[in-house]
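What follows is a single structure, written as structure tokens, with notes after it.
The values are calculated or read from the model by the stated rules, or taken from the named source; none is laboratory data. Please read all numbers here as calculations on a predicted model, not as lab measurements. Ideal geometry is used to build each Cβ from the backbone, glycine not excepted, and the neighbour counts take in all protein chains shown.
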Amino acid sequence: MNYALIGGTGVEKLVLKKTKQHRVDTPYGNVSLDIGEIGMSEVVFLKRHGTGHTYPPHRINYRANIWALKTMGVKKILATGAVGSIVDELTIGDIVLVDQFLDFTKNRPLTFYEGGDRGVLHIDVTEPYCPVLRNNITEGAVRAGIKVKNGGVYVCTEGPRFETPAEIKMFRLLGGHLVGMTGVPEVVLARELGMCYATIALVTNQAAGINHEPLTHAEVIASMNLLSNTVAALVESTCKLMDLDQRCYCATGNKETGLF
Ligand code: HPA
């Protein structure tokens, strides 16, 4: 089991062939996964918000989810996420492979390493999103005829509320391009367990205050529905490349603890 797809808002319905359900017990709780086929390979599919969008961003059990994927033997995680655009250059329907994040979350468990027996780990996140996996997705996009932008700064907010226009203005001044609620700590936890991780950010709306209309979740879902076939094709094309080695830093970033 090499690849996992973490489906965010609106990608829950993405269909894999020959799906079977699987439950994994983790030290943080149980996780339900779907296992299916893409091309010749088995892929794990995890609904980030649970079945039927049950968990809001700040209540998602990120540690259980990432631990479960590690238990399944996953090496590479493709994570989709709905985002609002902070900048003029990115508009609804754009697909971005982000390469940096700004963390504005407030109240989420951030690490597997809480001291005690497991110790303390100061994981390196100079390149939080695996550059090799991002290149693979870019290659997958070219083969599938899909336009993606490689690079962008993802701002993660705590949610579940949308942002104020003043916050969006601040994020723009700080260098942010996109804003979402679920990318952190997911990306960090994947690195802590030695898995490659890339976010496929799907622009569903202009961020708060940009077009002076109130934001709605329905608008986000509607944009995602328009993008879902494209995302499915992108994921399929990327997984079919079957680039299974980890020739990057991701697998060894946690070697100081010697645990995984
Ligand atoms: N802000 C935060 N999260 C989001 C947005 C947004 O504008 N759009 C989709 N997810």
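Brief remarks follow.
- Segment 205-260, residues that are assigned to a loop (DSSP other than H, G, I, E, B), among the polar types (S, T, N, Q) and surrounded by 19 or more Cβ atoms within 10 Å (Cβ to Cβ): ASN254
- Among the candidates GLY73, GLY39, GLY10, GLY52, residue that is at pLDDT 90 or above and of a type in the set (Gly, Ala, Ser): GLY73
- The sole residue among VAL43, VAL83, VAL96, VAL87 that is in contact (Cβ under 8 Å) with a residue 12 or more places away in the chain and away from the ligand (no atom under 15 Å from the Cβ) is VAL43.
- Just one of the listed residues (GLY145, GLY116, GLY151, GLY140) is more than 16 Å from the ligand (Cβ to nearest atom), farther than 15 Å from ALA190 by Cβ and within 15 Å of the chain's Cα centre (by Cα), namely GLY151.
- Residue within segment 221-230 that is among the small types (Gly, Ala, Ser), touching a Ser or Thr at 6+ places or on another chain (Cβ under 7 Å) and modelled with pLDDT under 95 present: yes
- If the condition is being free of Cβ contacts under 8 Å to residues at least 12 places away in the same chain and of a type in the set (Val, Ile, Thr), then segment 216-239 contributes only THR216.
- Every pair of residues 6+ apart whose Cβ atoms lie under 9 Å, when the first sits in segment 149-166 and is on the phi < 0 side of the Ramachandran plot while the second is among the acidic types (Asp, Glu) and within 8 Å of the ligand (Cβ to nearest atom): VAL155/GLU163; THR157/GLU163
- Reported count of residues in segment 154-185, each being in contact with a strand residue (DSSP E or B) (Cβ under 9 Å, 6 or more places away or on another chain) and more than 14 Å from the ligand (Cβ to nearest atom), is 3.
- All conditions in (1) more than 30 Å from ASP117 (Cα to Cα); (2) within 16 Å of the ligand (Cβ to nearest atom) hold for CYS239, with the sole exception of (2).
- Residue match in segment 143-151 (condition: under 18 Å from ARG63 (Cα atoms) and of a type in the set (Val, Ile, Thr)): no
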